[in-house]
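The values are calculated or read from the model by the stated rules, or taken from the named source; none is laboratory data. As the structure is a prediction and not an experimental result, all values here were calculated from the model. Neighbour counts are summed over all protein chains in view; Cβ atoms, including those assigned to glycine, are modelled from backbone coordinates with ideal geometry.
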Amino acid sequence: MAQVASATLRPRARAKMEACLRAAGRVFREHGYAMASMDDVAGRAQVSKATLYAYFPSKLELFSAVIRVECDRQAESLRDVRLDPEQPQESLLNLGRAVLDLLLAEDTITSYRMVMAEAARAPELGKLYYQNGAARLHAVLEKFLKAAMKAGYLRRGDAHAAAAQFIGLVRADLMLRALVGFGRAATERERLSVVRAGVDTFWRAWRRRGTSP
């Protein structure tokens with residue numbers, strides 16, 4: 001049985017489904033995927049188990065829906081980033097800051113830890129998380145880099161590889177520190193400094209010869 005599409009539900013039923021998703025998000029983050037139970041989710045959402053199973057026939061499908069909702073929210077946060085191939089450096093700074101803020105967000109860190117803890121036993125969870133999260137972020141960046149290459153500001157090359165390099169540069173080790181809980185949270189000034197250094201390195205490597213440094 002497939003997950004019920006929210007668009008086909010009446011308002012009251014849609015509200016119950018959304019309550020289930022919110023409750024599931026909290027339960028998964030508090031207990032992890034393996035220890036979370038459908039009973040816990042139903043109780044937190046204040047719905048019956050029958051209602052929960054009517055929307056999400058299995059825990060995996062419920063988790064999948066939670067991840068998709070979270071990744072949709074993350075993708076939405078990138079839609080407002082000003083990207084102009086005619087102003088590549090400014091655009092890369094804007095995007096780099098948005099990407100770093102997204103990667104260091106509490107929900108992102110918590111979800112990443114949870115998926116990593118379960119990925120060895122349930123590799124489908126890792127695949128799901130990557131396809132709905134990292135791959136979508138990568139696609140947004142790759143599309144912009146291709147436009148900047150076409151406009152003549154970046155040298156022609158593998159935009160897919162360039163996107164991966166950019167994300168690595170602006171992430172630096174701040175995400176790893178956040179994941180393992182080492183040290184205090186990065187300040188706004190530290191985040192901006194990391195992004196600027198990453199963009200500068202990327203620009204020097206990828207700018208088209210003859211373009212101002």
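Okay, residues lined up against (1) part of a helix (DSSP H, G or I); (2) loosely packed, with under 14 Cβ neighbours inside 10 Å:
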site: 127; (1), (2): yes, yes
site: 131; (1), (2): yes, yes
site: 139; (1), (2): yes, yes
site: 144; (1), (2): yes, no
site: 157; (1), (2): no, yes
site: 163; (1), (2): yes, no
site: 166; (1), (2): yes, no
site: 170; (1), (2): yes, no
site: 176; (1), (2): yes, yes
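Quick grid of which residues meet (1) within 19 Å of residue 86 (Cα to Cα); (2) in contact with a Pro (Cβ under 7 Å, 6 or more places away or on another chain); (3) among the β-branched types (Val, Ile, Thr):
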site: 127; (1), (2), (3): no, no, no
site: 140; (1), (2), (3): yes, no, yes
site: 149; (1), (2), (3): yes, no, no
site: 156; (1), (2), (3): yes, no, no
site: 164; (1), (2), (3): no, no, no
site: 168; (1), (2), (3): no, no, no
site: 199; (1), (2), (3): yes, no, yes
site: 206; (1), (2), (3): yes, no, no
Contacts under 8 angstrom Cβ, first residue in region 87-109 being within 19 Å of residue 30 (Cα to Cα) and of a type in the set (S, T, N, Q), partner assigned to a helix (DSSP H, G or I) and at pLDDT 90 or above, 6 or more apart
108/102
Condition check for residue 180: under 20 Å from the mean Cα position of the chain (by Cα), among the β-branched types (Val, Ile, Thr) and closer than 14 Å to residue 99 by Cα:
no
Qualifying residues in region 24-34 (those that are touching a residue at least 12 places away in the same chain (Cβ under 8 Å) and among the charged types (D, E, K, R)) - the one surrounded by the most Cβ atoms within 10 Å (Cβ to Cβ)
29
Could you check how many residues of region 194-213 are polar (S, T, N, Q) and either under 18 Å from residue 105 (Cα atoms) or touching a residue at least 12 places away in the same chain (Cβ under 8 Å) (or both)?
2
Out of the residues in region 35-62 that are in contact (Cβ under 8 Å) with a residue 40 or more places away in the chain and either among the aromatic types (Phe, Trp, Tyr) or closer than 15 Å to residue 129 by Cβ (or both), which is surrounded by the most Cβ atoms within 10 Å (Cβ to Cβ)?
62
Please note which helices (runs of 4 or more DSSP H) are completely contained in region 46-115 and include at least 3 residues that are polar (S, T, N, Q) and more than 10 Å from the chain's Cα centre (by Cα).
88-104
Kindly establish whether residue 184 is free of Cβ contacts under 8 Å to residues at least 40 places away in the same chain, basic (Lys, Arg), out of contact with any helix residue (DSSP H, G or I) (no Cβ under 8 Å at 6 or more places or on another chain) and assigned to a helix (DSSP H, G or I).
no
